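Data first, discussion second: the structure below is written as structure tokens.
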Amino acid sequence: MNQAKNADEYIAMQRSALAGNAECGTSHYNLAVALMGKKEYEEAEHEFLEALDCSPTLAEAYVHLGGLRLKQNDLEGCLAYNQQSVKVRPGFSEGWGNIGFVLLQLGKVDEAITALEKATKFNFRFVQALTTLANAYLIKGRISESIETNLKVLELEGNFGVAHNNLTVAYLENNEPELAAGHCKKAVAAGYKVAPELLKELEAYL
């Protein structure tokens, strides 16, 4: 089987495959992903839709379409596509994670938590979903759950500045400034830009 040497050649190969079989959802999907890589988003969207016409249960295509909607700041469109992804594949952790992220942006925190808990249930190593879930818990004042979830993130990715920063905030909320300062130092060491007001609040402990 011939291997493509670059993105343009790969795109040409997929177009050639589609010329022989226009009903191949996989070829439409592969072409769409390649077009996304070249930032040809309008053509990519068209090919993802073609892929779904051929293969309506292709959950990944819905997620990518949601990503394209997000690039256009269309949160509702992004949400709708990701909801479709979990409709066709109920255990699709990426779809649930994206749903949770968008719901949080829309201020629907309780619904976001439900979606993110599903995402992390289906994939307990899903760092992005765990981090977003920890943020959602913090917003709801569920401090101990936020701390526990961020610590899970650090078990998976020990030098993750975002999690260290989030623990700084959570431990401060929990009246544990020494622990907050420890994670603040680690966040800075990891290259995370900690808010100046947070550094000032912890100045005596750093």
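Things to note:
- For the residues ASN73, ASN82, ASN150, a GNM of the chain with alpha-carbon springs under 10 Å puts the largest fluctuation on ASN73.
- Counting neighbouring Cβ atoms within 10 Å and putting the fewest first, the residues HIS46, HIS28, HIS64 line up as HIS46, HIS64, HIS28.
- Relative contact order for the range 124-206: 23 percent, from Cα pairs under 8 Å spaced at least 6 residues apart, divided by residue count.
- A helix-only calculation puts the chain at -23500 deg cm²/dmol for mean residue ellipticity at 222 nm, using -39500 (n - 2.57) for each DSSP H run of at least four residues, averaged over all residues.
- Classification of the range 124-206 by its C-alpha gyration tensor yields an oblate form. The axis ratio a/c (a ≥ b ≥ c) is 1.5 or more, and b/c is at least a/b.
- Leading residue at positive end of dipole, the chain (Cβ point charges), from THR26, LEU133, LEU154: LEU154
- Within a Gaussian network of the chain (alpha carbon springs, distance under 10 Å), most fluctuating of GLY107, GLY67, GLY25: GLY107
- Ellipsoid equivalent to the range 84-166 - semi-axes via the Cα gyration tensor, in Å: 20, 15, 9
- Each Lys and Arg Cβ is given +1 and each Asp and Glu Cβ -1; about its Cα centre, the range 124-206 then shows a dipole of about 260 debye.
- By the beta-carbon count within 10 Å of each Cβ, the least crowded to most crowded order of ARG89, ARG125, fewest first, is ARG125, ARG89.
- As a ratio to 2.2 N^0.38 Å, the alpha-carbon radius of gyration for the range 47-206 is 1.16.
- Rounded to the nearest 20, the size of the Cβ-charge dipole of the chain about its Cα centre is 320 debye, with Lys and Arg at +1 and Asp and Glu at -1.
- C-alpha center-to-center spacing [the range 48-124, the range 129-143] in angstrom: 19 Å
- Förster-model FRET efficiency, 41 Å R0, HIS46 and VAL109, C-beta, rounded to 0.05: 0.70
- Within the range 76-110, backbone nitrogen closer than 20 Å to the virtual label 7 Å beyond the Cα of ARG125 toward Cβ: 91-98
- Dividing the mean sequence gap of close Cα pairs (under 8 Å, 6+ apart) by how many residues the chain holds gives a relative contact order of 9 percent.
- For the range 17-139, the direction-averaged projected area of the alpha-carbon convex hull comes to 7.5 nm².
- Where labels lie 7 Å past Cα in the beta-carbon direction, separation of ALA204 and ALA7 in nm: 5.3 nm
- The stretch between LYS185 and GLU155 holds 9.0 nm of extra length on full extension. This uses 0.36 nm per residue minus the Cα-Cα distance.
Bear in mind that the values in this text are calculations on the coordinates, not laboratory data. Since the structure is predicted, the reported quantities are computational estimates derived from the model, not experimental observations. Every residue, glycine as well, gets a Cβ built from its backbone with ideal geometry; the counts of neighbours run over all protein chains shown.
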